[in-house]
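Some notes on the structure that comes next.
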Amino acid sequence: MIDELLQYQEADGRLRAVEQEIAATDERKKYMTARKFLEKAPEKLDALDAKAAELKHLFELLEKKYAEIADTIKDYENLDEMVDEQGGEISFYKKSAAQIADNLRGLKAEINKLASQIESASAEYQAAKKQTIAMQKQYKEYKVKYAEVKEARAGDVKKIEAELAELGKKVPKDTLAKYNAKRKEKLFPVVCEVSGNRCPQCGMELSIAELAKLADGNFIECDSCRRILFRRK
């Protein structure tokens, strides 16, 4: 059985080599870059929209507050008349007017800072929108080019897959299922022959019990890298 499984793995290795060649092409890289960007783009643009709406709301509140304080300070423009009509210490009114003026200046600084943040948020949104449009164009272009690359190797892939289908008939179903499960985990080679008392791939030292199983002609699974190990008698 081990020879049949190794034959299957050898053919699978050739299929993997073709897959890696396709994956390494510029067409696939640019296609995947655009696809991943576009998958996250709506969320990013929505977040920027929400941020802009929040900043705009804060800006409107500050402007309203600024207008109210500005109206209040107008009452102090005729300070001398107020003192004559209402009496009282002029220093009190001057102090109140100075306090209001300080609040007004502080509020103005906050408004200016917020206006700058709004401008930055707007620029960030426009840049993100521009990049999204560029990525949409790249996605359409390289989706076609990537499909052409895969089509060019489709014959090779089909031939090897047919070979694997035939070879797989000679391997027990449970063993083949375990092999294919590990293959999906990007593990390769899946099956390795042990020489000495360590896994030939990761170097994990095998226990006495594991070595005994190997000596009896059984498969074991490496506790470290999860590969299927065997030893010929």
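The values are calculated or read from the model by the stated rules, or taken from the named source; none is laboratory data. The structure presented is a predicted model; accordingly, all values stated were derived computationally and were not measured. All Cβ positions, glycine included, derive from the backbone under ideal geometry; neighbour counts span all protein chains shown. Side chains included, ligands, DNA and RNA excluded: accessible areas come from the protein's heavy atoms. Shrake-Rupley method; radii C 1.70, N 1.55, O 1.52, S 1.80 Å.
Worth a mention:
- Residue list for segment 117-155, restricted to those being free of Cβ contacts under 8 Å to residues at least 24 places away in the same chain, over 26 Å from residue 20 (Cα atoms) and among the small types (Gly, Ala, Ser): 120, 123, 127, 134
- Qualifying residue in segment 210-226 (condition: in contact (Cβ under 8 Å) with a residue 40 or more places away in the chain, in contact with an Asp or Glu (Cβ under 9 Å, 6 or more places away or on another chain) and under 28 Å from residue 19 (Cα atoms)): yes
- Residue count for segment 150-182 satisfying the condition of being in contact with a Gly (Cβ under 8 Å, 6 or more places away or on another chain) and surrounded by fewer than 14 Cβ atoms within 10 Å (Cβ to Cβ): 0.
- Here is the figure for segment 95-141: residues that are over 38 Å from the mean Cα position of the chain (by Cα) and open to solvent by 80 Å² or more (accessible area, probe 1.4 Å) total 6.
- Tally, over segment 161-194, of residues that are in contact with a strand residue (DSSP E or B) (Cβ under 7 Å, 6 or more places away or on another chain), assigned to a loop (DSSP other than H, G, I, E, B) and within 13 Å of residue 11 (Cβ to Cβ): 1
- Residues of segment 20-64 that turn out to be exposed (fewer than 13 other Cβ atoms within 10 Å of the Cβ), among the small types (Gly, Ala, Ser) and part of a helix (DSSP H, G or I), as a count: 4
- First in segment 166-193 and without any contact (Cβ under 8 Å) to a residue 60 or more places away in the chain, second anywhere and of a type in the set (Lys, Arg) and surrounded by fewer than 18 Cβ atoms within 10 Å (Cβ to Cβ), Cβ under 9 Å, 6 or more apart: 182/226; 185/226; 187/226; 193/232
- Test for residue 185: is it within 18 Å of residue 18 (Cβ to Cβ) and loosely packed, with under 14 Cβ neighbours inside 10 Å: no
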